[in-house]
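A.B. asks: Submitted below is the structure of interest, expressed as structure tokens.
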Amino acid sequence: MVDVGAKDVTARMAIARGEVRMKPETLALIQQGQIKKGDVLTVAKVAGVMAAKRTAELVPLCHPLPLDQILVELEARPELPGVEITATVRTTARTGVEMEALTAVAVAALTVYDMAKSAEKTMVIDRIRLVEKHGGRSGDVVNEALVGA
């Protein structure tokens, strides 16, 4: 692992986003609560939060961090068609939370796929990326503007 001992403890935040693309019929089943495994969006949200908390166990050489906030949002997007996932993670630490936000999105997307695969096996997990990060020595990074922000 990289030595972060000399870095200042500062407030840090990262936002990541991704999509699960699917047929309109599958999205309709998710929205109507008709998927056999249950409430896809709620379970995926919980899975994303749990994954962010365990990032250091999943990604080699990642520092375990005390997380102040994990917000995972899933939105049905008929224009995709599919589900858009956004994770916002905050900490006060010596290193950032980009990996935690990205891991939250990835595991939430995998959960959507797992829960809805009985309805469709051709779903695509797509465009998992860092949207923005704030804090730390490298400063702020904004890779895309947040809609409605």
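The values are calculated or read from the model by the stated rules, or taken from the named source; none is laboratory data. All values derive from a computational prediction rather than experimental measurement. Here the Cβ positions follow ideal geometry from the backbone for every residue, glycine too, while neighbour counts run over all protein chains shown. Only protein heavy atoms, including side chains, enter the accessible area calculation; ligands, DNA and RNA are left aside. Shrake-Rupley method; radii C 1.70, N 1.55, O 1.52, S 1.80 Å.
A.B. asks: From the helices alone, meaning DSSP H stretches of at least four residues, give me the mean residue ellipticity at 222 nm for the chain, per-run term -39500 (n - 2.57), in deg cm²/dmol to the nearest 500.
C.D. replies: Counting only the DSSP helices, I get -9000 deg cm²/dmol.
A.B. asks: Once phi is turned into ³J(HN,Hα) by the Karplus curve 6.51 cos²θ - 1.76 cosθ + 1.60 with θ = phi - 60°, what whole-Hz value does each residue of the stretch 55-67 show in order, with x for glycine and proline?
C.D. replies: Values per residue, Gly and Pro as x: 4, 4, 7, 9, 10, x, 6, 7, 6, x, 10, x, 9 Hz.
A.B. asks: Hey, can you find the accessible area per residue of the chain for me, probe 1.4 Å, expressed in square angstrom?
C.D. replies: For the chain, the per-residue accessible area is 54 Å².
A.B. asks: Can you compute 3J(HN,Hα) from phi for each residue in the stretch 41-54, using the Karplus curve 6.51 cos²θ - 1.76 cosθ + 1.60 with θ = phi - 60°, rounded to whole Hz and x for Gly and Pro?
C.D. replies: Karplus values, whole Hz, x for Gly and Pro: 5, 5, 5, 5, 4, 4, 4, x, 4, 4, 5, 4, 5, 10.
A.B. asks: Between beta-carbons, use under 12 Å as the cut-off and find the net charge around Arg21, counting Lys and Arg +1, Asp and Glu -1.
C.D. replies: So the environment of Arg21 carries a net charge of -2.
A.B. asks: Right, next: What are the ³J(HN,Hα) couplings of the stretch 75-91, residue after residue, when phi is run through the Karplus curve with 6.51, -1.76, 1.60 and θ = phi - 60°? Round to Hz, x for glycine and proline.
C.D. replies: Rounded to whole hertz, the list is 10, 5, 10, x, 6, 5, x, x, 10, 9, 10, 10, 10, 10, 10, 10, 8.
A.B. asks: Would you work out what percent of the accessible area of the chain, with all protein chains in place, is carbon or sulfur (probe 1.4 Å)?
C.D. replies: On the chain, the fraction of accessible area on carbon and sulfur atoms equals 55 percent.
A.B. asks: Taking the full set of protein chains and a 1.4 angstrom probe, give the accessible area of Asp68 in square angstrom, rounded to the nearest 10.
C.D. replies: Rounded to the nearest 10, that gives 100 Å².
A.B. asks: Using only protein heavy atoms and a 1.4 Å probe, report how much of Leu71 is accessible, in Å² to the nearest 10.
C.D. replies: 70
A.B. asks: Distance check, please: which entries in Lys23/Lys133; Lys45/Lys133; Lys36/Lys133; Lys45/Lys117; Lys7/Lys53 exceed 27 angstrom between their Cα atoms?
C.D. replies: Violating the 27 Å Cα-Cα cut-off are Lys23/Lys133; Lys36/Lys133.
A.B. asks: Could I ask something else about it? Whole Å is fine, so just give me how far the alpha carbon centre of the stretch 1-28 lies from that of the stretch 117-135.
C.D. replies: If you average the Cα positions of each part, the centres end up 11 Å apart.
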